[in-house]
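Below is one structure, written out as structure tokens; the observations come after it.
The values are calculated or read from the model by the stated rules, or taken from the named source; none is laboratory data. Predicted model only: the values in this text are computed from it and were never measured. So basically every Cβ, Gly included, is an ideal-geometry build from the backbone, and we count neighbours across all protein chains shown.
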Amino acid sequence: MAESPCALNKETGSCLDVLPDEILIQIFGQLAVVGNTWDEDDPLRLGALPYHQPDLELMPCTGLRGYPFLAQVCKKWRRLLSTPMAQKLVWRQVTVDFGHELVTAIHTPLRWSNQRPSPEEYDAAFQRTSISAAKVLGFLRSVGPVAQSLTLSNSEGYDGEEGDYVSLSDKHDFGPSHLGFAIAMLATTLTELRLYRCNDLVVPDQDLWGLLPLLPHLRSLAVEGLRSRVSVAAVAPLGDLRKLDTLVLSAAEFRTADWAVGLDGLPHCWSRLTGLTRLELRGHQQLLELPGWLPECLQRLRVLDLSSCGGLALWQLRHITQLEVLVLQHLHLAHALPTATETAALLASGGHPPWRSVPDLAPLGRRLRSLSLSNNRLGLLPEWLPKMTRLEHLDLSYNKELHIRAPLTGLAALPHLALLDFRHVHVVDKTPYWPEEKCVTMQHLTKLVNVLKRRQPQPRVLLDL
């Protein structure tokens, strides 16, 4: 019986040593795109859903920069990684995570690549290590001919292993001007740009937004983690990005008390973004209304996320009938406004009555596939839900006041359901026994689960038992 090449090479090296160059390059290519989400991070597999999960924070994938010592393994690997074929495959998506780059620089001594330094050694290395903007730009210049996607993340700081925030205020000199150089270098190839927790690179007085039209092929733009006010005039240049199909602008999470964070309006020139299919505007407390031109001008819009825009009027939504995914999380929406008597009772008990209700979304029923009303104040299910006949995903999680008082026959009849999320609904104080109202809610949810079990494929129903 002939021995396999791996068996023949068992004493002298690994199976990778005998692989053809083309296959080894393909392996490197997979390392460049593999995500950093593990089963324990997302046990319910919610990251694949078409809408943002408020309780699931996914960091941008570091790509091949996450394997800093790959080229030091052997001369063959170094040679392969420098070939044009490998360059095109592994550097199409480029991520520069400043926190990760700093930690990598600290571990540059090869003996630390697989052996943790002592706390004293690490602290000493941290104090003397910094990131050079010139080196970052040099790297971007080297991958410029093939880079199509660029992500810059954590320029102000990152979350350490112990969960503590580590500031990078004096650990690198990469600023808005260097970002401008990077945009100029990648102007002819870049189709995707993402800035994640890089508020210091988009400060209002540096006019980053005015440079973005220099990227004529840009299709996707995401600026996440804004911690400053962004005026209508500042973002007006985005209207010149005619090929844009995805636009994400979000304020920093858990900063809704900062009233001066994010956009204060949508400029009229955005009506020229007729190719836009996905628009995510999360956490903009100053945004008060959607413009009247939006339903008519953005006819291709399929995904709209307005989560945590606490002051936003929602009456325009009923006119955006082309939507397939709608996300209205953390908007303090009730199923109906309380009466004067109910309001007085809530105030007397120290509660805060809801001041607005969820709009009637029945006109969207013909096309809407995913609806997230998570983290609101629904007390009852909206009456129009059974009319959403195309619905596949319904997220009602974290509506802690949601009571279910009648059988869910309307939801059970929806023909395309794939996921129902009822986690953390009807939350009550921890006692040895549930109160009667909580028992009624769980009884109706259990009956719904039993009915949906008969379907093939079986829809997923997420509950807290």
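Of all residues in the range 161-173, those being under 22 Å from Pro204 (Cα atoms) and under 24 Å from the mean Cα position of the chain (by Cα) number 2. Considering only the range 296-303, I want to know if a residue exists there that is at pLDDT 90 or above and among the β-branched types (Val, Ile, Thr). Yes, the range 296-303 contains at least one residue that is at pLDDT 90 or above and among the β-branched types (Val, Ile, Thr). On inspection, Gly66 fails the criterion of being under 18 Å from Cys198 (Cβ atoms), touching a residue at least 24 places away in the same chain (Cβ under 8 Å) and within 24 Å of the chain's Cα centre (by Cα). For the range 38-80, which residues satisfy the criterion of being surrounded by 15 or more Cβ atoms within 10 Å (Cβ to Cβ), of a type in the set (A, V, I, L, M) and at pLDDT 85 or above? Leu46, Leu49, Leu80 - these are the residues of the range 38-80 that are surrounded by 15 or more Cβ atoms within 10 Å (Cβ to Cβ), of a type in the set (A, V, I, L, M) and at pLDDT 85 or above. Name every residue in the range 45-96 that is touching a strand residue (DSSP E or B) at 6+ places or on another chain (Cβ under 9 Å) and not in a loop (DSSP other than H, G, I, E, B), in order of residue number. Gly63, Leu64, Arg65, Gly66, Gln93, Val94, Thr95, Val96, listed by residue number.
For the range 217-231, which residues satisfy the criterion of being in a loop (DSSP other than H, G, I, E, B), at pLDDT below 95 and either crowded, with 20+ Cβ neighbours inside 10 Å or of a type outside the set (Ser, Thr, Tyr) (or both)? Reasoning before the result, please.
Filtering the range 217-231 for residues in a loop (DSSP other than H, G, I, E, B) gives 217-219, 227-228, 231.
Adding the requirement that they be at pLDDT below 95 leaves 227-228, 231.
If the condition is that a residue be in a loop (DSSP other than H, G, I, E, B), at pLDDT below 95 and either crowded, with 20+ Cβ neighbours inside 10 Å or of a type outside the set (Ser, Thr, Tyr) (or both), then Arg227 is the only one that fits.
Condition check: assigned to a loop (DSSP other than H, G, I, E, B) and modelled with pLDDT of 95 or more. Does Gln286 satisfy that? For Gln286, the condition - assigned to a loop (DSSP other than H, G, I, E, B) and modelled with pLDDT of 95 or more - is not met.
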